[in-house]
1. State all residues of the range 51-75 that are under 16 Å from Met248 (Cβ atoms), within 18 Å of the chain's Cα centre (by Cα) and not hydrophobic (A, V, I, L, M, F, W, C); if no residue qualifies, say none.
2. So which pairs qualify, if the first residue must be in the range 19-40 and within 14 Å of Leu103 (Cβ to Cβ), the second must be part of a loop (DSSP other than H, G, I, E, B) and modelled with pLDDT under 95, the Cβ gap must be under 6 Å, and the two must be at least 6 apart or on different chains?
3. Considering Val158, Val65, which residue is in contact with a helix residue (DSSP H, G or I) (Cβ under 7 Å, 6 or more places away or on another chain) and in contact (Cβ under 8 Å) with a residue 60 or more places away in the chain?
4. With the range 171-252 as the region, which strands (runs of 3 or more DSSP E) entirely inside it contain at least 1 residues that are β-branched (Val, Ile, Thr) and in contact (Cβ under 8 Å) with a residue 60 or more places away in the chain?
5. Are there any pairs with C-beta distances below 7 angstrom linking a residue in the range 73-89 that is among the charged types (D, E, K, R) to a residue that is surrounded by 13 or more Cβ atoms within 10 Å (Cβ to Cβ) and not in a loop (DSSP other than H, G, I, E, B), with the two at least 6 apart or on different chains, and if so which?
6. Restricting attention to the range 1-36, which residues are buried (at least 16 other Cβ atoms within 10 Å of the Cβ) and modelled with pLDDT under 60?
7. Which condition does Ser72 not pass, out of (1) surrounded by fewer than 20 Cβ atoms within 10 Å (Cβ to Cβ); (2) modelled with pLDDT under 95, if it passes all the others?
8. Tell me the residue from Ala208, Ala188, Ala227, Ala161 that is within 14 Å of the chain's Cα centre (by Cα), of a type in the set (Gly, Ala, Ser), over 27 Å from Gly100 (Cα atoms) and modelled with pLDDT of 95 or more, please.
Amino acid sequence: MSTTATDTAPATPAETGQGSKFSFGVLQFPGSNSDQDCVNAIEVLGHEAHYVWHKDDQLGHLDAVLVPGGFSYGDYLRAGAIARFSPVMQSLAEFANNGGWVLGICNGFQILCEAGLLPGALIRNRSLQFRSEFVHLATVNHGTPFTRAIPEGALMRVPVAHGEGCYFADETTLSEMEANGQILWQYATADGKVEDHANPNGSVRHIAGICNANKNVAALMPHPERACQGLIGSDDGQWIFRSLIEHMSAKA
């Protein structure tokens, strides 16, 4: 991503092309480990981020909520299966059902699927190996709040770090999602080809990220919050956060 310089001081909303300052909530579960990265990603863009503990039963006045990566409750039973019952999840469901914007990342994707806020499930990687590496993402639908700022044809280079990142849904669900534009990102090669060897976990249809039918809840297995500054290898992940901020600005 060559249009921003984020290795120095955080930008202001005006510098990022937005006139309003938004407030993001970042959920914290026992075992979360990307919560601080999410806060940093939002602050780099000149907006506010606040931690929300999993036992809190109120979200407060937030513009959007991030469900971060990690190993909530040690991933016992199944990744996200216990976190799904945390008190904060009822408030998150109400927030989402009322049109609030929610973005899940890695373990956050697993939690949102377990909670029924997104279709499908995340299962063990086909290789049965934990994968930690950079991948390339091709954007399938540019017309959502989470993708609108991503240039047509641009690839995002972002890292993955997961053992249960294989997205699965039945064929009927997949066809409905495809027809509704709910498949947002697919794993691709460095030259943009969606092929098996570019898929780190064996996800069906090479799916890396999706959204719900109302387009206000989305999630992906790769970590855009770990690719928000060129100093750490890539700032392509900013496009996703910028998309949401741009959408909220337009709504405001």
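1. The answer is Asp63, and nothing else.
2. Here the result reads Gly25/Leu59, each pair linking the range 19-40 to a residue that is part of a loop (DSSP other than H, G, I, E, B) and modelled with pLDDT under 95.
3. Details: Val65 fails: in contact (Cβ under 8 Å) with a residue 60 or more places away in the chain.
Just one listed residue meets the conditions, Val158.
4. Numbers: elements: 183-188, 207-211, 217-220.
It comes to 207-211, 217-220.
5. Listed pairs, sorted by first residue: Arg84/Ile111; Arg84/Glu114.
6. Of everything in the range 1-36, those that are buried (at least 16 other Cβ atoms within 10 Å of the Cβ) and modelled with pLDDT under 60 turn out to be Met1, Thr4, Thr6, Ala11, Pro13, Thr16, Gln18.
7. Single failed check for Ser72: (1).
8. Details: Ala208 fails: over 27 Å from Gly100 (Cα atoms); Ala188 fails: within 14 Å of the chain's Cα centre (by Cα); Ala227 fails: over 27 Å from Gly100 (Cα atoms).
Unique residue meeting the criteria: Ala161.
The values are calculated or read from the model by the stated rules, or taken from the named source; none is laboratory data. This one's a predicted model, so the numbers in the text were calculated from it and none came from an experiment. Neighbour counts are summed over all protein chains in view; Cβ atoms, including those assigned to glycine, are modelled from backbone coordinates with ideal geometry.
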